[in-house]
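Take a look at the structure below.
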Amino acid sequence: MSTELPELRSGARRILCRDLTSAEANKFHKYLDLLIKWQKVHRLLGSPDPHWIVERIFLDSLLFLRVLPPDAREVLDVGSGAGVPGIPLKLVIPDLRLTMVESRQRRASFLSTTVRELSLRDVRVIPERLESMVRDGADRFDAVVARCAGDVGYLFELGARLGRPGGVVIASGPPKIHPLHIGEWITTPGVNSGETRNFALYRLE
């Protein structure tokens, strides 16, 4: 297991308003070990540094809880890549039913391995593009989430076709917000004191 990282526990406490359980902390550390191991061969993340991963991947993913409806249980993680934000959310909400869509085969393989190694229940990995799910008339979700570096509007358009009425589509946004044709920007406190995080949110009718 990785060396204990106090910033994981302290950061999670600030976001969750509670301490991580021992089981949750152990799974986060196993997840960290898997990320570092796979990073040596496949570039999953921007850095292999454990402290960077905890702050910019784990805790940043948990910030979605500040805009995710508390009753959302069917969640679709679009372009999940290394499993974010879906896996960190699943680790602190065990009854979340998570679907991760990732079209890149090596990353989809990493996700399947992680689901197995962490013994995560009610988690699916779909190795295809989001457009294919839309065409196939896939299940409807309470929330569609993504760490989005691209076109938020396009995500909203497709996500709306997979979300339930009353559901939401949420994308973490860039440092500087820009006009949206639909939806709204919500700014929340960030991981560290004095930081903020922008989320684009589209509420489905």
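The values are calculated or read from the model by the stated rules, or taken from the named source; none is laboratory data. Just so it is clear, the model here is predicted, and its values are computed rather than measured. Cβ: placed from backbone, ideal geometry, glycine included. Neighbour counts: every protein chain shown. In case anyone asks, the SASA skips ligands and DNA or RNA and just uses the protein heavy atoms, side chains included. Shrake-Rupley method; radii C 1.70, N 1.55, O 1.52, S 1.80 Å.
When the residues 55, 102 are ordered by accessible surface, computed with a 1.4 Å probe over the protein chains alone, the sequence from largest down reads 55, 102. On the basis of the beta-carbon distance and an R0 of 41 Å, residue 192 and residue 151 show a calculated FRET efficiency of 0.90. Heavy-atom accessible area, probed at 1.4 angstrom with all protein chains present, ranks 49, 71 as 71, 49, highest first.
Percentage of Cα-Cα pair distances in segment 87-138 greater than 18 Å, rounded to whole percent?
33 percent
If a spin label sat at a point 7 angstrom from the Cα of residue 205 along the line to its beta carbon, the backbone N atoms of segment 160-187 nearer than 13 Å would be those of 165-166, 183. Taking amide H atoms as placed 1.01 Å from N in the peptide plane, the amide H of residue 124 lies under 5 Å from those of 98, 99, 100, each 5 or more residues away in sequence or on another chain. Only Lys, Arg, Asp and Glu carry charge here, each on its Cβ (+1 for the first two, -1 for the last two); on that basis the chain has a dipole of about 340 debye about its Cα centre. When +1 charges are put on Lys and Arg Cβ atoms and -1 charges on Asp and Glu Cβ atoms, the dipole computed for segment 131-205 relative to its Cα centre reaches about 100 debye.
Charges at C-beta only: +1 for Lys and Arg, -1 for Asp and Glu. How large is the resulting dipole of segment 20-104 about its Cα centre, in Debye rounded to 20?
Details: 11 positive and 10 negative charges, 54 e Å.
Dipole size: approximately 260 debye.
Ignoring aspartates and glutamates fewer than eight residues from residue 37 along the same chain, the ones with Cα atoms less than 15 angstrom from its Cα are 49, 117.
Taking 19 Å as the straight-line reach from the Cα of residue 40, the lysines in range (excluding those fewer than 8 positions away in the same chain) are 30.
Given the peptides 76-83, 122-129, arrange them by the average over their residues of other C-beta atoms within 10 Å, most packed first. The partial results should precede the final answer.
On the way: 76-83: 25.2, 122-129: 16.8.
Highest-to-lowest ranking by the protection proxy: 76-83, 122-129.
For the chain, the 222 nm mean residue ellipticity estimated from helices alone, with every DSSP H stretch of n ≥ 4 adding -39500 (n - 2.57) and the total spread over all residues, rounds to -9500 deg cm²/dmol. Here's the picture: charge each Lys and Arg Cβ at +1 and each Asp and Glu Cβ at -1 in segment 1-151, and of 105, 145, 93 the one pushed furthest to the positive end of that dipole is 105. Where both bridge residues fall in the chain, DSSP classifies roughly 40% of the beta bridges as antiparallel.
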